[in-house]
Amino acid sequence: MGDDDFVRETIQSLNSHAAELGSMYREVMAAVKNRTEIPNVKDIFKEMAEASRECDEMLEIYYGDGDPLLADARRAIQRVQDGLSNCASAFVAYMTIARLTLD
């Protein structure tokens, strides 16, 4: 597999993580709004960890490399980072609501 194929597959994988994180963010926010349990919490944290790890690996490969990271790859990493931030914020909102509604 050449460099172009590697980058293309990595961008596709990062975009997939970003889409999955977006879906999970909506699930957590629905639980916040409806004051219900978050479904598949372990899966959400696993996806967050995998997405973060893949971003780290991509940055490690290119850190200090003479070839700059392609704009598409930077945007894909940014989408994942945004998704991670959104999910973390949703969990904070969930924990806040859970504390307020505990009897």
- With each run of n ≥ 4 DSSP H residues scored as -39500 (n - 2.57), what mean residue ellipticity at 222 nm is computed for the chain after dividing by its residue count and rounding to the nearest 500 deg cm²/dmol? -29500 deg cm²/dmol
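May I ask you to compute the full-extension gain from Asn34 to Ser52, defined as 0.36 nm times their residue separation minus their alpha-carbon distance, rounded to one decimal in nm?
Values: separation 18, 0.36 × 18 = 6.48 nm, distance 2.83 nm.
That works out to 3.6 nm of additional length.
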- Note on the structure: With label points set 7 Å from each Cα along the Cα-to-Cβ direction at Arg26 and Ala98, the distance between them in nm comes to 2.3
- Task: For the chain, with all protein chains present and a 1.4 Å probe, just round the carbon and sulfur fraction of the accessible area to a whole percent.
- Result: 51
- Query: Against the longest alpha carbon principal axis of the chain, how many degrees, from 0 to 90 and to the nearest 10, is the axis of helix 41-62 turned?
  - Reply: 20
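Enumerate by residue number the trypsin sites (Lys or Arg not before Pro) in the stretch 6-103 meeting two conditions: DSSP loop (anything except H, G, I, E, B), and at most 14 other Cβ atoms within 10 Å of the site's Cβ.
Working: sites: Arg8, Arg26, Lys33, Arg35, Lys42, Lys46, Arg53, Arg74, Arg75, Arg79, Arg99; in loops: Arg35.
Within the stretch 6-103, the qualifying trypsin sites (Lys or Arg not before Pro) (loop, at most 14 other Cβ atoms within 10 Å) are Arg35.
Would you mind calculating the gained length between Ala71 and Asp43 on full extension (0.36 nm times residue separation, minus the Cα-Cα distance), in nm to one decimal?
Values: separation 28, 0.36 × 28 = 10.08 nm, distance 2.98 nm.
Length gained, Ala71 through Asp43: 7.1 nm.
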- Task: Please express the Cα-Cα pair-distance distribution P(r) of the chain as a list of whole percents, one per 10 Å bin, running from 0 to the bin with the greatest distance.
- Result: 15, 40, 24, 14, 6, 1
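The values are calculated or read from the model by the stated rules, or taken from the named source; none is laboratory data. From a predicted model like this one, the values you see are computed outputs, not experimental measurements. Every residue, glycine among them, receives a Cβ derived from its backbone with ideal geometry; neighbour counts consider all protein chains shown. All accessible areas refer to the heavy atoms of the entire protein, side chains included, with ligands and DNA or RNA removed. Shrake-Rupley method; radii C 1.70, N 1.55, O 1.52, S 1.80 Å.
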